[in-house]
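Okay, structure first, notes after.
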Amino acid sequence: MKSRLKEKYENEILPKLLKDLDYNNVMEVPKITKICLSQGLGSAVSDKKMIEQASLEMTKIAGQKSIITKSKKDIANFKLRKGMPIGVKVTLRKNRMYEFLDRLISISMPGIRDFQGINFNGFDGRGNYTVGIKEQIIFPEIKVDEVKKITGMDITFVTSANSDDEARSLLQCFGLPFKKR
């Protein structure tokens, strides 16, 4: 079963971008290849239960098991040793990616207090876009009374676009609410 946004991409966004970006072939049109969710927990060095809690929350949000990330080197100032858990991440592809994007755009982002839109400056120059979320409690899967500490997360949209402008057009067609310039 196809998700709503995948059908929208195939039926509406693909023909629109084919015409707007002046491509000759359907395969040239940019698409979202994956969405990466990541959460860095620097304070997890002193509290081991925080990583487990963050991993459970990330699994609920993504609908897929999260991976615990570990430090790559020792940093004495932060009391950090190589191999210590310092964050969690999830990579979503195909149908789960479209379902997450649908929930993010239609449910989670409208639930943010004083939301004005997402920043235009999150592009990396290669057609990928990263947005930071300050509170994980904007997702309906997370129950506020079960949260021990409010933490933020980064959501990265990896696209097949060649430039930031193409990626911006693609993400706007999907309905990501960018701030007005």
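Find how much the distance from residue 94 to residue 135 grows on full extension, using 0.36 nm per residue of separation minus their present alpha carbon separation; answer in nm with one decimal.
Working it through step by step, the gained length comes to 12.2 nm.
Assuming R0 = 25 Å, can you tell me the calculated FRET efficiency for the pair residue 120 and residue 11, based on Cβ-Cβ distance, to the nearest 0.05? The formula returns an efficiency of 0.35 here. DSSP assigns beta bridges within the chain; of those with both partners inside it, close to 95 percent run antiparallel. Summarising the amide proton neighbourhood of residue 31: residues at separation of 5 or more, or on other chains, whose placed amide H is nearer than 5 Å comprise 160, 161.
Packing around the peptides 144-150, 24-30, taken as the average count of other Cβ atoms within 10 Å per residue, puts them in this order, highest first: 24-30, 144-150. Between region 134-166 and region 14-72, what is the separation of their alpha carbon centroids in Å? Cα centroid of region 134-166 versus Cα centroid of region 14-72: 8 Å apart. For the pair residue 67 and residue 19 in one chain, pulling the backbone fully straight at 0.36 nm per residue adds 13.3 nm over the alpha carbon distance. Give, as a single signed number, the net charge of other residues whose beta carbon lies under 13 Å from the beta carbon of residue 105, with Lys and Arg counted +1 and Asp and Glu -1. The answer is +1.
In the structure shown, the pairs 60/94; 143/179; 48/82; 149/180; 73/148 are assessed against 22 Å; a Cα-Cα span above that value is assigned to 143/179; 149/180; 73/148.
Checking a compactness column here: for region 61-148, what do you get for Rg(Cα) / (2.2 N^0.38 Å), N being the number of residues?
Rounded to two decimals, the normalised Rg is 1.34.
Extending 7 Å from Cα along the Cβ direction at residue 47 and again at residue 113 yields two label points whose distance is 2.0 nm. How about residue 16: which aspartates and glutamates have a C-alpha closer than 18 Å to its C-alpha, ignoring those fewer than 8 places off in the same chain? Within the straight-line limit of under 18 Å, residue 16 reaches these aspartates and glutamates: 7, 28, 164, 165, 166. Mean projection of the alpha-carbon convex hull of the chain over all orientations, in nm²? Reported value for the Cα convex hull: 12.1 nm².
Any read-out appearing in this document is the output of simple, stated calculations on the displayed coordinates, not a laboratory observation. These numbers were taken from a predicted model, which means no experiment stands behind them. Glycine gets a Cβ as well: all are built from the backbone with ideal geometry, and neighbour counts include every protein chain shown.
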